[in-house]
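Q: Attaching a single structure in structure tokens format; questions to follow.
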Amino acid sequence: MSIIQDKIKKDPDGLVARAHDFAKKAHQGQKRKTGEPYFNHCLKAAEYVAEWKLDDASIAAALLHDVVEDTPATIEEVKNNFGEEIAFLVDGVTKLGRIKYRGVEAQVENLRKMFLALSHDIRVVIVKLADRLHNMTTLKALPPQKQKRIAVETSELYAPLAYRLGMQKVSGELEDLAFPFIYSQEHDWLEKNVKEKYGEREKYLERVKPAIVEALKKQGIIPLFVDSRAKRYSSLYKKLLRYNMDVNNIYDLMALRIAVKNVEECYAALGVVHNLWPPLPGRIKDYIALPKPNGYRSLHTTVFCLDNKITEIQIRTPEMHNEAENGIAAHWAYTQARGSKQYINKQASFADKKELIWIGQLKTWQRDFSDPDEFMNSLKIDFFKDRIFAITPKGEVIDLPLGATPVDFAYHVHSEIGDCCSGARINGKIAPLDHRLNSGDIVEIITQKNKKPSESWLAFVKTGMAKHRIKSALKSRTSVVAKESELMELRIVAEDRIGLLKDIAAIISRSHINIIGLNTRVDKSRGGRFTAVKISCEAKNRGKAKELLIKLKRLKEIKEIDHRFSTKI
Ligand code: MN
């Protein structure tokens, strides 16, 4: 029985039951493009939300998410029947639904709105993800043109969002559902060349499992489950591009996953595995000590396994597993109590502040960018690509895009540290500022008081934030210079002729002096044959300005020339 039906049975007059009936009635007679009743879509979306263990308000909002947009029902009716909170959630989801990602530049304002809604109440976004997830499963029913657009939008916007929320399973599913619509030929290629390999690997891992379970038990570790996870087509394809399309070089095509009781047992199990099969050097990843920026925790290792086959093994606790699959949604069900995490049934609470930090960052961030393109570019680079994380000497983990440098790091620690950064020590050794950081690097920034950012940094920094800060520091410096720069005002009286002004301007610009203002009038006092020219120009270099005067005086039409220096604009 579905979770929703179960809830309705337990509480026939409850929120979920009432939302179910209201939505069903509202969508009466409507059909999806697939031909099935429209309400099925609402029910499926609500089922996802319930699976992710969100609260009843979210489930109700999922059931009602399309009534305002697609039926005669209004948001007022929703409010009258279900209260402010549900109406707020439904309204939020409806608004998110109007956001269409069609390209890069044109969409940035909408993306901002979306992110704002995101930081307002994450439940809105999660319901929207459920809606999108179900829509992706029925994408085939839409016309090809629409399929492509929605698939791209899913892959560029929704999947990365889910990933950032730590909802890896949803993120991966969205990517996989979108993949064949965006890369249909590549998808066919994988079907033809890799599908069989998956089967082989699965059979192989079935042989590995008992060997591991036995070895663990010998050491007193009872695994809670051991299963295998197939690498998703979408991420496999990205990886293949880096490995000459050779599947044999991909070691984590299928990984073995072991769940044990607690963190101590994770490390103990890693020891058991390494005792059984030698690890590949440099392939042990401790995401428990250093979680991924989205909160992902696990131990990963790659070993020369049975028959000397290279195999990836992941070790985690059930809690880590739940968090890895469901991310921020998983946190709804937990609350801090006396230092330990206790499971609380039904009663939903907002995620811990820490989990929401990056959302806060996003909010300040997008306020910082005045130029939509710049914001979009920084989003593209910072959010949709691979990440690395480097560590401050105090142990703070700084989340950065691949290829980030000490300057990026410095700006992400604090904008002032970025501005005053003069050098870096990486793992104790002095390194150049354009050095590419690796995950796990301990980075100490050497600062110098009154040091200013250098324009040359723009050539190597990777994060939008660093670029933005450097540019604005440079800009404010130039404008200070301009304010203080000296000006020269010239008053010239010359005998008028065609092309005279052009000649004067040419002489000035050949002296590499910028003209700021110029006006002329007929000098009536001299019978109309003369013209009076007033020119203001830059005079950063007074010597150069004086030379200019000499050059101008050589022009035979010029009868009088006065000059005056000033420091105002
Ligand atoms: Mn929908």
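Q: Over region 393-568, what is the relative contact order in percent, taking alpha-carbon pairs closer than 8 angstrom and at least six residues apart? Walk me through the numbers on the way to the answer.
A: Numbers: 289 pairs, mean separation 36.1, N = 176.
About 21 percent, as a whole number.
Q: May I ask you to compute the full-extension gain from Lys394 to Ile442, defined as 0.36 nm times their residue separation minus their alpha-carbon distance, rounded to one decimal in nm? Mind dumping the intermediate values first?
A: On the way: separation 48, 0.36 × 48 = 17.28 nm, distance 0.92 nm.
This chain segment gains 16.4 nm when fully extended.
Q: Any lysines with Cα under 26 Å of the Lys79 Cα? List them, leaving off those in the same chain fewer than 8 positions away.
A: Of all the lysines, those that pass the test against Lys79 - Cα under 26 Å, at least 8 places apart if same chain - are Lys7, Lys9, Lys10, Lys24, Lys25, Lys31, Lys44, Lys53, Lys95, Lys113, Lys128, Lys346.
Q: Which aspartates and glutamates have a Cα lying under 19 Å from the Cα of Lys559, excluding residues fewer than 8 positions away in the same chain?
A: Straight-distance partners of Lys559: Glu489, Glu495, Asp496, Asp503, Asp523, Glu547.
Q: How much length is gained on full extension from Asp121 to Phe565, taking 0.36 nm per residue of separation minus their Cα-Cα distance? Don't skip to the answer; put the middle values down first.
A: On the way: separation 444, 0.36 × 444 = 159.84 nm, distance 5.94 nm.
In short, 153.9 nm is gained.
Q: What's the exposure ranking of Ile310, Ile122, going from fewest to most Cβ atoms within 10 Å?
A: Details: Ile310 16, Ile122 22.
By the 10 Å Cβ count, ascending, the order reads Ile310, Ile122.
Q: Going highest first, how would you order 248-257, 57-66, 516-525 by mean Cβ packing within 10 Å?
A: Numbers: 248-257: 18.0, 57-66: 28.1, 516-525: 12.2.
Peptide ranking by packing, descending: 57-66, 248-257, 516-525.
Q: Nearest 0.05, what FRET efficiency do Lys451 and Gln28 give at R0 = 56 Å with Cβ-Cβ as r? Present the calculation step by step, with values, prior to reporting the outcome.
A: On the way: r = 69 Å, r/R0 = 1.23.
After rounding to 0.05, the efficiency reads 0.20.
Q: Name the aspartates and glutamates eligible as straight-distance cross-link partners of Lys195: C-alpha to C-alpha under 18 Å, and not fewer than 8 places from it in the same chain.
A: Glu173, Glu175, Asp176, Glu186, Glu206, Asp246, Asp252
Q: Using the number of other C-beta atoms within 10 angstrom as an exposure proxy, rank Phe565, Phe88, Phe409, Phe179 with the fewest first.
A: Working: Phe565 11, Phe88 19, Phe409 30, Phe179 22.
Lowest count first: Phe565, Phe88, Phe179, Phe409.
Q: Taking 35 Å as R0, compute the FRET efficiency from the Cβ-Cβ separation of Arg242 and Ile284 and round it to 0.05. It would help to have the intermediate numbers written out before the result.
A: Values: r = 21 Å, r/R0 = 0.59.
The pair Arg242/Ile284 has a calculated efficiency of 0.95.
Q: Once Rh is set to the Kirkwood radius over Cα pairs, what Stokes-Einstein translational diffusion coefficient, in µm²/s, holds for region 191-324 at a temperature of 37 °C and a viscosity of 0.692 mPa s? Spell out each step's value before the answer.
A: Numbers: Rh = 15.3 Å.
Rounded, D is 214 µm²/s.
Q: Which far-off residues, 5 or more places away or on another chain, put their amide H under 5 Å from the one on Ser422, with H placed in the peptide plane?
A: For Ser422, whose amide H was placed from the backbone, the distant partners under 5 Å are Ile446, Thr447, Gln448.
Q: When Met488, Met245 are ordered from fewest to most other Cβ atoms inside 10 Å of their Cβ, what list results? Could the numbers behind the result be given before it?
A: Numbers: Met488 23, Met245 14.
The most exposed by this proxy come first: Met245, Met488.
Q: Here is a follow-up. If a/c stays under 1.5 just call it rounded; otherwise compare a/b with b/c (prolate if a/b is bigger, oblate if not). Do that for region 118-246, with a ≥ b ≥ c from the square roots of the Cα gyration tensor eigenvalues. Numbers along the way, then the final one.
A: Details: a/c = 2.70, a/b = 1.43, b/c = 1.89.
Cα axes put region 118-246 in the oblate bin.
Every number here is computed from the coordinates shown, using simple stated rules; none is lab data. Note that the coordinates shown come from a computational prediction; the quantities given were computed from them, not determined experimentally. We place every Cβ from the backbone using ideal geometry, glycine too, and count neighbours over all the protein chains shown.
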